[in-house]
Structure formats: structure tokens, C-alpha cells
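Input: a single structure, listed below in C-alpha cells.
Any read-out appearing in this document is the output of simple, stated calculations on the displayed coordinates, not a laboratory observation. All values derive from a computational prediction rather than experimental measurement. Backbone-built Cβ (ideal geometry, glycine too); neighbour counts: all protein chains shown.
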Amino acid sequence: MRKGLYIKIALQNIRKNAKVYVPYILTCLGTVAMYYMIGFLSYHEGIDQIFGGGYVRSIMLMGVWVTAIFAVLFLFYTNSFLMKRRKKEFGLYNILGMEKKHLSRVMLYETVVIAAISLVGGVLAGILLSKLMILVLMKIFNLNQPIGFMVSTRAIGSSLQLFGVIFLLLFLNSLRQIHLAKPIELLRGGEVGEKEPKTNWITAILGLLCLGSGYYISLTIENPLMTLMLFFVAAVLVIMGTYLVFISGSIAILKLLRRWKRFYYKTSHFISVSGMIYRMRQNAAGLASICILSTMVLVMISSTFSLYAGIEKNVAQRYPADINITLHSWQEEDQSALEAHMDAVLSAQQLGEVQMEKYRHVGFSTILDGNTVIMDEETMNSVGTLDDLWTVDMIPLEEHNALNGVQETLAENEVLLCSYGREYPYDSIVIDGKTYQVQAQLQTTKEASGEATASAWGAIFVIANQEVIDQWIASYPLLASQTDTIFHYNLPDASAQQLTALEETMGGDALLNTNLNVSSYVEFQESNRTGLREMYGGLFFLGLFLGLLFIMATILIIYYKQISEGYDDRERFEIMQKVGLSRKDIKHSIHSQVLMVFFLPLLMAGCHLAGAFPAIARILVLLQAVSDRMFFYCNLGCFAVFAVLYLLIYLITAKVYYKIVQ
């Protein structure tokens, strides 16, 4: 053949099939740009300048791997739509005398052109947008000093390598399909219909069982650690159930609608239901994919945003004072030595008024066997499960009253109780073989401030007699190693800069360098606020980034699904027009068909989000989230915004579908 003919045919094919190729090229370009941007952030050494920068870069590196896996799967998925539309064209070329080796050359040039546009355009777009990404990152992390902008040659090289391999694999896969198919199969490749599928009730019931099992794990398991361990199992069950329900359950629903005569024997419903029954088997996988992607978007953005939005409340709960010190001793001389040391340090800094509170407690993780506290380590290892694991804090009544400014009284066989994470279900507690009645369950207490986010769940017991606690400490090594005195120092006149300077002056191990005979450690509220902002900000940034990536995937799957169905339905609607069906009836039928199927993934995603809410809320406890209400409102807001976006996609794709069949 004449030199240059193949490239000319390839360019002509791309131009004439712009309706399917342009979204595909934009998808490839956008995926390359996103991969470059997240690689740029993970390789950018300037991120190390910010507090916790290494942690942020590790999060971004995880995002690089997720984006790479997503790119492979998604580009193969969208390429399958292209091949379906192009098979008829390739079959026609083959029948007219073009051999398959000539078709291979045309496909090679098409792949090279698309790859060149995607790689060059994607990298350039990524470089331009990476400056915006840095500004967003600085805003999320509340940074004042700018992070230097650079062009990452490492990210460019990584992008070219990954997507070069992907486009090569796409070309080889297309080549395989062309060479294995006969010319007549290629000619009819885009028109192959389906027989009416049978209703497989076993598969549908199995799908419902998978969904029910996943929801059951989320709704019933209360222990955050157990939930974390089983969350992946629940997610796999829900994904399997979603695909099975869409594949078999949707066919069963459509057949039930066909039996409903008052609904079925209307022009728009008759056409849409009968058409969808024959195509639902191939459409179900796409609808299930849309549902899963939508759920992933909603879960990632709502959970990471709730963590980021709740930083201040979290800090106030976890670190109740400007300076929080734990001294591993109950001895008066050790307490006096630490107080003297802190008085000298704070006086030298001239930070104004100093407010100090302290209390003693015994805090340890143990098994609650019913209402019995296991304090013997050997027994603890032989009874109970992870679901029985609690953090128990024992506080002398005198310490509790002084700290909270109350005048509670207790009999020798009574305790006060404050539980967090879960409700303590008993009205008594057995400690060291003796039964104590729970006089009252306190809703809140100052002792719980730092504990409620340090553990999944636990309880604080206020004990009447100090001597009893001393006897337990002497009898059980587990308790003897966990006797602490907590100091809270508040400096109301000090600024954030002064508190940061104070931490730098003291150093992280300053208290260990004093003349104390026991160890201690100090936590500063301001630095931990910054640390949480870096951790939660990095997760939120990654959630936004991957959320945008999955939203793009959702839009493209919906778009290609509508285009594919439009071309499949065009001849059918042409025949119906010839026998008297008006354009108005066609439009009503189109809207009926799209509405019946299009919003099923959104409704199912809403169900998945609601079902996953309890499990994710418990997992967030392990990340020190303190407000289920915040997480609930984030879920609600994200679903509302996503539903509006979903509606816009529907309006656009329905219009494209109508133009094709018209």
C-alpha cells in the first residue's frame, strides 16, 4: 500500500469517531495528569520541610500505587467500549480486501497517536496543575511558608513508563481481538444481541445473602479492632453481592414489571422494559461498577473530611491542657520534684499565669469477663476474646472530687463509673473477688478527657478507699507497672508561637533529664494539633484526589454506557418511527429507560453508605475521631453533593443518547 496511507486512515478514524474517541483521549490525558501530580507530591523533597512531611509523602506514595492500579483497570475497561464500536468498521475493511496485518498497522498508528496526545498533554497538564495542588496542600495544612515549585523529572519518567506499558498492553489486547475474530464476526461485532436471559433466583438470593452478611458485620460487631479486621471481608461481600444483585436481581425486577400490566402496557414503559431485559446481562456489570465507584467516592471523602473537620474537637478531647505530663509514679517526692522542675522552666520563660491540675490513676488494658475485672495476667491470657478487651482506669475518690470540684461520697462496697466507647451494661463490678455496686454512671468526667480517644472503649472506676487500690497494686504486677500521676498545665496568656518555643526549649525528653528517679513523658497540645493536621490533612487530600479520580471514572462509564446503548437502540427506534411512533413517545421512552436504570446505582450506593456507617465510625475511633455526629453530617453532605453531580451527568448523557437514536 501507498506510504503514509496507514497513518492517514488512523487519523481519519479518530476524527470521524470523535464522539467516542475524544472522551477516551481526555480520560487517558486526565489519568496521566493525576498520576503525575500525586507522584510529584510523593517525590517532592520540599514536603519534608513541613511538620510530619514524611508521613504526608508516604500517604501520597500509597496514592501512587492506587492510581497506577486504577489506571490499568479503568483504561482497559473504557478501551473495550471503543473496540465494540470499531469492530464493524474493521470487519468492513477486512471484507474490502485489507488484510489483518494491515489493520494491525492502522491500530498501531491509532494507539501511537492517542498515546502521544495523552502522555504529552497529561504531563503538561500535570505540571500546570501541580502548582494548584501545592496551594491546596498549603491551605489544608495551614502552612505560612511556601513550598517550592519544581518540575519532577522522576514523576515524568514514572508516568511515561507506566502509561507506555499500558498503551502497549491495550494495543496487544486489541490485536488479539482482531486476529482471533472472523470477518463476519467483526462486521457484526457491535450488533451482537442477547437472548432473553433467564431469571436465576439462586444467584439473586446469593447476592442478597452476600449483601446481608456484609451489612451484618458492619451493624453488629461493636469492637473497633474486630471491625477493622473484618472490614475488608465485609467490603468484598458487599462488592460480590452488588454484582450478583445487579446481574440477576435486576432481570428478576424487570420481569416482574413486565407482568405488571397496568405499568407495562404503556408506550414508554413497554419499550424501555422490553429493551432492558435483553441487554441487562451486559449492562449489569457496568451498573454495578458505577455503584461500587460511587460508594468508594462517598466513603473516602466523607470519612477523611470528617477527620479533618473534627481536628479541634479531637485535640481538645485528647490533649485537654497546653502541657500534658504523665509521671509513672504515685510517690509524693517524685511529684514534688516534677512540679519544682516545671515551675523553674515556666518561670524562666515568663509565660504569664500558670494553671495546674493533677490526679493519680491506675490505667491498664484488661479483659472484662462479664462484670469481672481480670487483673492477673496469666488468667487474662486464658479467658475472654478481643471483644472483651477494655481499658480500665481506677481513680481514688479523693482525687476525683478534687479534680472535678465535687463532693461525692461512696460506701466501701460502691464505685462511680464513667464508660466511653460502649455502655457498661452491669450494675455491679467484681474486682479482686469482691463485688462493688455501681452507685452512678457519670456522663462525663475530667479524667476521661485523654482516655476516650486513646483506646477503643473503656471505663473509669472511682474507688472509695485509697488503701484498697494500694493493696491491688501490691498484689498484681500488671497494676504496679501502670501507676501514673497526670499533670495538666494551662498557660492562658501564652501564644501558639511561645508554646512552640517552649517545647523546643524543653525538648521531647526534657523531663527524663531531670533528677527524677522514674520516667515520664510530656505532650504539647499545639504540636499535636499540628501533627493531627498533617495526618488528617494528608488523608483528606488523598481522599479528595482519589475521589476525583473515581468520579471521572464514574462519569466515563456512564457516558460510554449511554453511547453504547444509543447506537444499539438507534435502528430499533428508527423501525418504531416508521411504524408510527412519534418523537415525543421516543423521548418519553428514553427518559423512562434511563431513569429506571440510571438511578439504581445511586440508590444502592446510598444503601451501602448507610450500611457501612457504623463500621467506619468505629474504625475512625482508632484514628482518634471523637464525633459520630460530625461523621453523619459529612456522609449526608457528601451524598447530597454527589447526587446533584449525578443528576447533572444524567441530564447530559440522556441528551447525548437522544441525539444518537434521533
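What does the highest-first list of 344-353, 599-608 look like by mean Cβ count within 10 Å? Mind dumping the intermediate values first?
Values: 344-353: 13.3, 599-608: 19.8.
Sorting 344-353, 599-608 by mean packing, highest first, produces 599-608, 344-353.
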Requested in this report: Give the distance, in whole Å, between the Cα centre of region 474-499 and the Cα centre of region 639-660.
Outcome: 56
Query - Estimated FRET transfer efficiency (Leu11, Val136; beta-carbon r; R0 45 Å; 0.05) - result: 0.75
**Report entry** In Hz, Karplus ³J(HN,Hα) per residue of region 428-435 (6.51, -1.76, 1.60; θ = phi - 60°; x = Gly, Pro)
**Finding:** 8, 9, 9, 10, 6, x, 10, 8
**Report entry** Difference of contour (0.36 nm per residue) and Cα-Cα distance, Ala340 to Arg176
**Finding:** 51.1 nm
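Which entries of Lys19/Lys584; Lys19/Lys561; Lys16/Lys84; Lys255/Lys584; Lys139/Lys313; Lys84/Lys255 have Cα-Cα distances beyond 22 Å here? Before the final figure, lay out each step's value.
Numbers: Lys19/Lys584 25 Å; Lys19/Lys561 13 Å; Lys16/Lys84 16 Å; Lys255/Lys584 26 Å; Lys139/Lys313 19 Å; Lys84/Lys255 27 Å.
Where the Cα-Cα span goes over 22 Å, the pairs concerned are Lys19/Lys584; Lys255/Lys584; Lys84/Lys255.
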Report task. Apply the Karplus parameterisation 6.51 cos²θ - 1.76 cosθ + 1.60, with θ equal to phi minus 60°, to every residue of region 618-623 and state each ³J(HN,Hα) to the nearest whole Hz, in sequence, with x for glycine and proline. Result -> 6, 5, 5, 4, 5, 8
Query - Separation of alpha-carbon centers, region 25-43 and region 344-367, rounded to whole Å - result: 48
Query - In Hz, Karplus ³J(HN,Hα) per residue of region 608-613 (6.51, -1.76, 1.60; θ = phi - 60°; x = Gly, Pro) - result: 4, 5, 5, x, 7, 3
**Report entry** Footprinting exposure proxy for Trp472, Trp201 (fewest neighbouring C-beta atoms within 10 Å first)
**Finding:** Trp201, Trp472
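Quick one: plug the Kirkwood hydrodynamic radius of region 205-248 (C-alpha pairs) into Stokes-Einstein at 20 °C, 1.002 mPa s, and report D in µm²/s. Could you put the intermediate results ahead of the total?
Values: Rh = 10.3 Å.
For the chosen part, D equals 207 µm²/s.
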Report task. Calculate the dipole size of region 323-523 relative to its Cα centre from +1 charges on Lys and Arg beta carbons and -1 charges on Asp and Glu beta carbons; express the result in debye to the nearest 20. Result -> 260
